[in-house]
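**Q** To start, I am sharing the structure in question, which I have written as structure tokens.
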Amino acid sequence: MMSFLFAMMMSFVVLSGCCSAKVYKVGDFEGWIAKDDVYYAWAETDHKEFHVGDSLVFEYDPIINDVTHVSGALEYEFCDYSSPKVVYNTGHDVVTLTEPGFHYFITSNQAQCVLGQKLEVLVIHDPSRPVPPPPPSKILPVGDMYKVGGDSEGWKVYDSDFYNKWSEEKQFHVGDTLLFKYDNEVSDVYEINGDLEFMTCDPTSPVAVHKTGHDLVRLTEPGVHYFITSHSGSCEAGLKLRVMVGPQSKAVAFSNFPKKVDLSASERLNNWLKTFKPQPSH
């Protein structure tokens, strides 16, 4: 009886081991770099099979690279990063494969993408393997959107105090969005940690890197947020932005305000007519 139970336990362990999700470091020890056909060969080596629930780990230098998840084979083939599904830019990105089908990853550093820094994987759904739930998302209110620089030509050098004056005239809250528009051939947007890095235009330890030319940056935390360009000459000339983000703005409640405010056009007209109804003469 004991041997039967032991055999059952061992079978459970083997089955559990065979059905667990796997983690693959992209490119193995070389990581995510520019090399001709290296990622095609990497995906084919050892007859890799990628399943829903597996994860890809991309390791790279975030100063010059990112991981851009694009929608289709054409974007992949032509290194087109203009409409990405997701952009990762921490330098150590763990991407969980949550859907079956082909998935395409490139770098938005187009010169390196053309050299071969792109990965195509076919993801298979195995019903015997549980799919991990997606990570919990932080639900934020839909706030205001601000085009950085206002009605100007966007994220470019004007004068050394231009962005300081622009931000001081506004009140930013958690949930608001900044829109950076610029020519991505000559600029980028680096979100950095602190005032010292901001003052010295130091891009070496960014929180996030954006370089599509049409970057939407959601303000998810209260406090001071710093943005610069990694082009030192432009940054020193004034291409940097500091914004103070306040907590989520709350709706103002009026205790004596009537509960029904969605009056129809006919109701509003009737109320207006009653107000101006002539009084009978005596």
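**Q** Given the whole protein assembly as supplied and a 1.4 Å probe, what does the accessible area of Glu221 come to in Å², nearest 10?
**A** 90 Å²
**Q** Additional query: Give me D for the range 145-246 in µm² s⁻¹, whole number, from Stokes-Einstein with Rh from the Kirkwood sum over alpha-carbon pairs, 25 °C and 0.890 mPa s.
**A** 184 µm²/s
**Q** Within the P(r) computed for the range 18-124, what percentage of the Cα pairs occupies the region above 22 Å?
**A** Cα-Cα pairs of the range 18-124 separated by over 22 Å account for 21 percent.
**Q** Would you kindly derive the ³J(HN,Hα) couplings of the range 76-86 from the backbone phi angles with the Karplus curve 6.51 cos²θ - 1.76 cosθ + 1.60 (θ = phi - 60°), listing them in order in whole Hz, with x for Gly and Pro?
**A** Values per residue, Gly and Pro as x: 5, 5, 9, 6, 8, 9, 6, 10, x, 6, 8 Hz.
**Q** Taking 0.36 nm per intervening residue step and subtracting the Cα-Cα distance, what contour gain separates Glu44 from Gln171 on full extension?
**A** So the chain would gain 40.5 nm between Glu44 and Gln171.
**Q** Moving to a separate point now. Suppose we keep just the alpha-carbon trace of the range 168-211; what are its Rg and Dmax in angstrom?
**A** 12.3, 31
The values are calculated or read from the model by the stated rules, or taken from the named source; none is laboratory data. As the structure is a computational prediction, the values presented were derived from the model and not from experiment. Side chains are part of the model used for accessible areas, which takes the heavy atoms of the whole protein and leaves out ligands, DNA and RNA. Shrake-Rupley method; radii C 1.70, N 1.55, O 1.52, S 1.80 Å.
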